[in-house]
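*Asks:* Questions regarding the structure given below will be posed in turn.
Any read-out appearing in this document is the output of simple, stated calculations on the displayed coordinates, not a laboratory observation. Note that the structure is predicted; figures quoted are calculated from it, not measured. All Cβ positions, glycine included, derive from the backbone under ideal geometry; neighbour counts span all protein chains shown.
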Ligand SMILES: [Zn+2]
């Protein structure tokens with residue numbers, strides 16, 4: 001990692017120097033640096049992954065817990081039919 005990337009990662013609070021336009025100057029320096037260009041992280045967007053929905057009812061479900069008015073609920077959704085089932089829980093769910 002070259003020093004341009006290190007200074008970029010540390011941010012303005014890690015350096016005793018700051019000047020107006022510093023961010024642009026550092027970006028321009030890094031844009032013209034071969035090492036920075038070869039080792040910069042790739043931020044290309046990943047394509048959305050389509051999930052396979054269930055072929056039969058309740059083959060694939062989504063579940064989530066939520067709290068409303070100090071009561072706890074489990075919501076279950078069937079991917080095949082979009083049927084939604086709400087289950088009341090008298091106890092606070094524990095995350096293991
Ligand atoms: Zn560099």
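*Asks:* How far is it, in nm, from the label point at residue 73 to the one at residue 31 when both lie 7 Å from their Cα along the line to the Cβ?
*Replies:* So the two model labels end up 5.1 nm from each other.
*Asks:* Next question. How far is it, in nm, from the label point at residue 20 to the one at residue 65 when both lie 7 Å from their Cα along the line to the Cβ?
*Replies:* Each label point is offset 7 Å from its Cα along the Cβ direction, giving 5.4 nm.
*Asks:* Another one. Go from 0 up to the bin containing the longest alpha carbon distance in the range 49-96, width 5 Å each, and give me the % of pairs per bin.
*Replies:* Bins of 5 Å from zero give 5, 20, 23, 18, 14, 13, 6, 1 percent of pairs.
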